[in-house]
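Data first, discussion second: the structure below is written as structure tokens.
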Amino acid sequence: MWLLSQGSRWLPILRREFPRLLPQETSQLPALDVFVCTADPFNEPPENVASTALSAMAYDYPAELLSVYVSDDGGSELTLFALMEAAKFARYWLPFCRENGVMERSPEAFFERGNGQGDAGEVKVSILIQVLCESTKDKDIAGHPLPNLIYMSREKRPASPHHFKAGALNALLRVSEVMTNAPVLLTLDCDMHSNDPHSPQRALCYLLDPDLAPSLAFVQFPQRYRRLNADDIYGAEMRRFFLIGPRGFNGLRGTDYCGTGCFFSRRSLYGPPSVATASYYESKGCRVLQSELVLQKAHDAASCRFMHAQDWGYEIGFRYGSLVEDFYTGYRLHCEGWRSVFCNPDRPAFLGDAPKTLYDSLTQSQRWIVGNYQVAFSRYCPLLYGTKNASLITGLCYMHYALWAVWCFPITVYALLPQLMLFYDKPLFCKVSDPWFFLYVYLVLASYGQDLIEFMEVGGLIWRWWSDQRMWLIRGFTSSAFGTADFILSKIGVSTPGFNLTSKANEEEVNTLYDRGKFFFGASSPFFILMGTIAIINLSSFIFGIMKAVISTSAVDEMFLQLLLCGFTVANSIPVYDAMFFRKDVGKMLTSDTNASILLTITFFCVGRLWAAVSWLMQ
């Protein structure tokens, strides 16, 4: 894993763009289609989706060249209604933003309102495509044309795999080709609103560069989040993946695709650079979006019969075959000969909502882990296919990402074995007086020191680094371990039950605890039981080790490294102890999980003692 990680350190590159040098005439700018995907109206409130769509409609970009598509895989009437209201509100909102120089053009972010939910109704099977705004007809209160706003709910049938987000994006790709056919596409998550109205111009600095354009597939902006608490307790920034890694990728074929905040060249999704020529996708002029012919073709493009037609999802479009369709799509494009660019301006181009509960953070990473394994152990394995079709170093970088969850094995061992051996008075490491002791000291200081320097080099703060490394450890023996087990069991044909939690806390209580920097547990989960077990084992062993050190100085010499490791884990587990034994709020760890952790801890210690007794008797 260390060797694979060196690929992203081979040639890091920072780029800066100059939008003022772009052509100023509208006729020289390409059209832009924005794709916003939503699937669950309860977890993704319709007003948030509408706010994200409005933030894209409010770009400082010619309205006649801008179209915003919203794919609703939940088929929610409430989402459609919210977008219909957003279309009306756009008549007032867009002129207000222009006249007042508003930069944060998401109404939700601008007014800082809370999230709401409602009854979404039943998921529809039939296709619905609704043109809510059309630039050739609709104008705002200042007389300027409004960008196109199109709502789409694609056809979904039980007998036909819909391929989740990748399927929704491909449906949008086909429908937009019929309706507007812009050469530049922007993919956005429904909770990732635009934070800079000039982001398209920044992307065009690369997409219109005559030296880059022939082989440039996409321009990726980093994922950034708003309303993070002071310490970012769940490590949502994930600077290793969203800033440090992409900067290293930039010196190779370019950064990976992160699923949101990414501007695509449409032709890159239709084949290799030598095949996907400009004439293949160029817009054929302005269309009347609500004409019967255009709408009929759009309905055909959103139907299930296109799911397996031609090579959609396998050779063209967004790729199927992994839960992380973004990572997989970017990787396959690089293997076809395309390049990409990482664009990281001072002002965040997009801002999203970070997980506010520990469970949401862990399940999100577990899904990524299973998807990454699906890429690593497929016919397109980066270590084989990637090194042959992209480059050796690019293949190493992608393989490092695909296998990052294997850290679960050493992390879990280091979280349990030295501590149990300390309790059983069995040394595992060398003595302090041994010269090899300094090798351990060097390895710890060098690895953690390098990680801290890299984290702060991309703008991180030291207390956020502490939260980030703590979450790296927590993910190691929870979501990484469960994700690894889930993938292995699925490969041998064993189905695994998902963990669906129902918390009794309302959103206001969750936000209050998050703002105070408190971990939110609030429900029962195997994740939490394992966390509690490791925390108690380390605390017990640490107390036992301190008592041994007070009694005997020789114990310090023999057990110092194990004692130090216990102390380090205890320091990282302070929020867990607080949630288990001291807190009384709704976000504390449930008593059932605490009792299960205590029982499991006792079992570990008793099994060890029993094993020692059996070994003594056998001797």
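Summed over region 109-144, the residues that are surrounded by 18 or more Cβ atoms within 10 Å (Cβ to Cβ) and either in contact with a helix residue (DSSP H, G or I) (Cβ under 6 Å, 6 or more places away or on another chain) or modelled with pLDDT of 95 or more (or both) give a count of 7. Of the residues making up region 334-365, those that are more than 14 Å from the chain's Cα centre (by Cα), of a type in the set (Gly, Ala, Ser) and crowded, with 19+ Cβ neighbours inside 10 Å are Ser340, Ala349.
When residues in region 16-49 are screened for being over 20 Å from the mean Cα position of the chain (by Cα) and more than 21 Å from Ser194 (Cβ to Cβ), 6 of them pass. Just the residues that are touching a residue at least 60 places away in the same chain (Cβ under 8 Å) and of a type in the set (Ser, Thr, Tyr), please, taken from region 443-468. Once the filter is applied, which keeps residues that are touching a residue at least 60 places away in the same chain (Cβ under 8 Å) and of a type in the set (Ser, Thr, Tyr), region 443-468 yields only Ser467. Set side by side, the residues Ala579, Ala523, Ala555 differ, and just one is assigned to a helix (DSSP H, G or I) and under 32 Å from the mean Cα position of the chain (by Cα), which is Ala579. For region 1-117, the helices (runs of 4 or more DSSP H) that sit wholly inside it and include 1 or more residues that are closer than 25 Å to Met179 by Cβ are 46-57, 77-100. The residue list Glu155, Glu177 contains one member that is part of a helix (DSSP H, G or I) and either among the hydroxyl-bearing types (Ser, Thr, Tyr) or at pLDDT below 95 (or both), which is Glu177. Report whether or not Glu25 is assigned by TED's automatic domain parsing to the domain that holds Gly101, in contact with a Ser or Thr (Cβ under 7 Å, 6 or more places away or on another chain), farther than 19 Å from Ile129 by Cα and modelled with pLDDT under 90. So Glu25 fails the test. Answer yes or no: is there a residue in region 584-607 that is of a type in the set (Lys, Arg), without any contact (Cβ under 8 Å) to a residue 60 or more places away in the chain and loosely packed, with under 13 Cβ neighbours inside 10 Å. So far as region 584-607 goes, yes, one or more of its residues are of a type in the set (Lys, Arg), without any contact (Cβ under 8 Å) to a residue 60 or more places away in the chain and loosely packed, with under 13 Cβ neighbours inside 10 Å. Restricting the first member to region 11-38 and to residues that are touching a residue at least 60 places away in the same chain (Cβ under 8 Å), and the second to residues that are loosely packed, with under 13 Cβ neighbours inside 10 Å and part of a helix (DSSP H, G or I), the beta-carbon pairs closer than 9 Å and six or more apart or on different chains are Leu22/Gln28. For region 486-500, how many residues are surrounded by 15 or more Cβ atoms within 10 Å (Cβ to Cβ) and modelled with pLDDT of 85 or more? Number satisfying all stated conditions: 2. Considering region 264-286, and only residues there that are within 23 Å of Ala168 (Cα to Cα) and in contact with a Ser or Thr (Cβ under 8 Å, 6 or more places away or on another chain), the residue that is modelled with the lowest pLDDT turns out to be Ser283. Within region 366-374, at least one residue is within 29 Å of the chain's Cα centre (by Cα), touching a residue at least 40 places away in the same chain (Cβ under 8 Å) and more than 19 Å from Gly476 (Cβ to Cβ).
Whenever a residue of region 533-556 is in the same structural domain as Thr601 (by TED's automatic domain parsing) and closer than 18 Å to Phe568 by Cβ, its partners that are modelled with pLDDT of 95 or more and not in a helix (DSSP H, G or I), lying with C-beta atoms within less than 7 angstrom and at least six residues away or across chains, give the pairs Ala535/Ser573; Asn538/Ser573. The residue that is farthest from Phe544 (Cα to Cα), counting only those in region 569-610 that are touching a helix residue (DSSP H, G or I) at 6+ places or on another chain (Cβ under 7 Å) and of a type in the set (Val, Ile, Thr), is Val586. All of (1) surrounded by fewer than 19 Cβ atoms within 10 Å (Cβ to Cβ); (2) assigned to a loop (DSSP other than H, G, I, E, B) hold for Leu564 with one exception: (2).
Given the structure, is Asp196 in a loop (DSSP other than H, G, I, E, B), of a type in the set (Asp, Glu), out of contact with any Ser or Thr (no Cβ under 6 Å at 6 or more places or on another chain) and buried (at least 21 other Cβ atoms within 10 Å of the Cβ)? Considered against the rule, which asks whether it is in a loop (DSSP other than H, G, I, E, B), of a type in the set (Asp, Glu), out of contact with any Ser or Thr (no Cβ under 6 Å at 6 or more places or on another chain) and buried (at least 21 other Cβ atoms within 10 Å of the Cβ), Asp196 comes out as yes.
Among the residues of region 401-435, write down those that are within 22 Å of Ser540 (Cα to Cα) and hydroxyl-bearing (Ser, Thr, Tyr). Thr412, Tyr414, Tyr424, listed by residue number. Checked against the criteria, Thr412 counts as in contact (Cβ under 8 Å) with a residue 60 or more places away in the chain and of a type in the set (Ser, Thr, Tyr). If the condition is being in contact with a helix residue (DSSP H, G or I) (Cβ under 8 Å, 6 or more places away or on another chain) and either farther than 20 Å from Ala415 by Cα or loosely packed, with under 14 Cβ neighbours inside 10 Å (or both), then region 438-450 contributes only Tyr448. When region 217-235 is filtered for residues that are surrounded by fewer than 22 Cβ atoms within 10 Å (Cβ to Cβ) and in contact with a Ser or Thr (Cβ under 9 Å, 6 or more places away or on another chain), only Asp231 remains. Note on region 391-429: among residues that are among the small types (Gly, Ala, Ser) and farther than 14 Å from Tyr328 by Cα, the one that is modelled with the lowest pLDDT is Ser391. Any residue at all in region 180-187 that's closer than 27 Å to Glu112 by Cα, assigned by TED's automatic domain parsing to the domain that holds Asp326 and buried (at least 19 other Cβ atoms within 10 Å of the Cβ)? Within region 180-187, one or more residues are closer than 27 Å to Glu112 by Cα, assigned by TED's automatic domain parsing to the domain that holds Asp326 and buried (at least 19 other Cβ atoms within 10 Å of the Cβ).
The values are calculated or read from the model by the stated rules, or taken from the named source; none is laboratory data. These numbers come from a predicted model, not from an experiment. Using ideal geometry, Cβ is built from the backbone for each residue, glycine included, and neighbour counts are taken over all protein chains shown.
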